[in-house]
Amino acid sequence: MNLENWKKLTGAGGNNVIIIVIPGVDHLFLPAGNAANKNDLNSSNSGFSILALQTIEKWINAGFR
């Protein structure tokens with residue numbers, strides 16, 4: 001994980017950036033697993049992480065107040 005590098009970038013002038021680690025999900029906000037290829041993603045019955053969706057919703061709403 002490159003979390004420390006992302007934190008450095010946010011301090012370099014990003015004024016509307018926050019970093020939140022959402023446990024158990026991958027970069028597509030799907031349940032983390034061992035998806036080695038595109039076919040594995042297509043066979044997943046899991047959807048977008050509810051926690052990720054709620055987090056993004058809060059971030060968007062906070063930006064418009």
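Long-range amide H contacts for V25: which residues qualify at under 5 Å (H placed 1.01 Å from N, peptide plane, sequence gap of 5 or more or a different chain)?
When sequence neighbours closer than 5 places are left aside, the close amide H contacts are A32.
For every other residue with a beta carbon closer than 15 angstrom to the beta carbon of L51, add +1 if it is Lys or Arg and -1 if Asp or Glu, then tell me the sum. Could the numbers behind the result be given before it?
Details: positive: K58; negative: D26, E57.
The answer is -1.
Extension gain I19-F64, at 0.36 nm per residue separation less the Cα-Cα distance, in nm?
Numbers: separation 45, 0.36 × 45 = 16.20 nm, distance 1.85 nm.
Working it through step by step, the gained length comes to 14.3 nm.
Every number in this text was worked out from the coordinates using simple rules, so none of it is lab data. What you see is a predicted model; the values in this text were computed from it and never measured. Here the Cβ is made from the backbone with ideal geometry for all residues, glycine too, and neighbour counts use every protein chain on show.
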